[in-house]
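Asker: Structure incoming, see below.
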Amino acid sequence: MAYVDGFVLPVPADRVEDYRKLARKAGKIWLEYGALEYVECVADDVQPGKRTSFPQAVKLKPGEVVVFAWIRFRSRAHRDRVNARVMADPRLSSLDPATLPFDGKRMFWGGFKPIVQF
């Protein structure tokens, strides 16, 4: 069974195209280093909840959208090896957090072991 890194973040609606360009670049790098799949999705039907929701989780502000994404790997060990290489790659490690098309302080992520997979 595979291993999945998932992440959720807010992106200003007027910077979605900038984010898409960055995501395409990042996805190619993750795949180059061995990730099995790289998917980024922009919210299309996400409502604020009474207790919790995607918008609440990222403290969504007016004019922002939620991005939900995942990267699939062979195993957690494979994920750790791939991510170490990706984070050291100058194409991404040289990015300035102040100019990114999203607020990384409101991004959250984690690694997951699938329990059902078809």
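Asker: Among residues belonging to the stretch 89-106 that are surrounded by 13 or more Cβ atoms within 10 Å (Cβ to Cβ) and under 16 Å from residue 24 (Cα atoms), point out the one that is farthest from the chain's Cα centre (by Cα). Let's see the steps before the verdict.
Answerer: Our first condition is that a residue be surrounded by 13 or more Cβ atoms within 10 Å (Cβ to Cβ); within the stretch 89-106, this holds for 89, 92, 95, 100-103, 106.
With the extra rule that they be under 16 Å from residue 24 (Cα atoms), the set shrinks to 89, 92, 95, 100-102.
Details: 89: 17, 92: 14, 95: 16, 100: 13, 101: 13, 102: 11 Å.
Across the stretch 89-106, the extreme among qualifying residues is 89.
Let's see how each residue does on (1) out of contact with any Asp or Glu (no Cβ under 9 Å at 6 or more places or on another chain); (2) among the acidic types (Asp, Glu); (3) part of a helix (DSSP H, G or I):
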position: 39; (1), (2), (3): yes, no, no
position: 44; (1), (2), (3): yes, yes, no
position: 47; (1), (2), (3): yes, no, no
position: 51; (1), (2), (3): yes, no, no
position: 69; (1), (2), (3): no, no, no
position: 80; (1), (2), (3): yes, yes, yes
position: 98; (1), (2), (3): yes, no, yes
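Asker: Can you give me the number of residues within the stretch 1-20 that are under 13 Å from the mean Cα position of the chain (by Cα) and not in a strand (DSSP E or B)? Reasoning before the result, please.
Answerer: Here is the first cut: in the stretch 1-20, the residues under 13 Å from the mean Cα position of the chain (by Cα) are 4-11, 19-20.
Those still in the list that are not in a strand (DSSP E or B) too: 19-20.
So the count comes out to 2.
Asker: Can you tell me which residue in the stretch 37-57 is surrounded by the fewest Cβ atoms within 10 Å (Cβ to Cβ), limited to those that are within 13 Å of residue 6 (Cβ to Cβ) and of a type outside the set (Ser, Thr, Tyr)? Reasoning before the result, please.
Answerer: Our first condition is that a residue be within 13 Å of residue 6 (Cβ to Cβ); within the stretch 37-57, this holds for 37-41, 54, 57.
Now narrow it down to the ones that are of a type outside the set (Ser, Thr, Tyr): 37, 39-41, 54, 57.
Numbers: 37: 13, 39: 13, 40: 19, 41: 11, 54: 18, 57: 15.
Only one residue tops the list, namely 41.
Asker: A further question on this structure: Mind counting the residues in the stretch 3-47 that are within 24 Å of residue 80 (Cα to Cα) and not basic (Lys, Arg)? Explain how you work it out, then say what you get.
Answerer: Residues of the stretch 3-47 within 24 Å of residue 80 (Cα to Cα): 3-9, 22-41.
Then keep just the ones that are not basic (Lys, Arg); that gives 3-9, 22-23, 26-27, 29-41.
Residues in the stretch 3-47 being within 24 Å of residue 80 (Cα to Cα) and not basic (Lys, Arg): 24 in total.
Asker: Let me ask another. Just to be sure, is residue 39 more than 19 Å from residue 100 (Cβ to Cβ), among the hydrophobic types (A, V, I, L, M, F, W, C) and at pLDDT 95 or above? Quick ask: steps written out before the conclusion?
Answerer: Values: more than 19 Å from residue 100 (Cβ to Cβ): yes; among the hydrophobic types (A, V, I, L, M, F, W, C): yes; at pLDDT 95 or above: yes.
For residue 39, the condition - more than 19 Å from residue 100 (Cβ to Cβ), among the hydrophobic types (A, V, I, L, M, F, W, C) and at pLDDT 95 or above - is met.
Asker: Output the residues belonging to the stretch 68-94 that are more than 14 Å from residue 5 (Cα to Cα) and either among the charged types (D, E, K, R) or touching a residue at least 60 places away in the same chain (Cβ under 8 Å) (or both).
Answerer: 85, 89, 91, 92
The values are calculated or read from the model by the stated rules, or taken from the named source; none is laboratory data. All of these numbers come straight from a predicted model, not from anything done at the bench. Because the Cβ atoms are built from the backbone with ideal geometry, glycine has one as well, and the counts that use them run over all protein chains shown.
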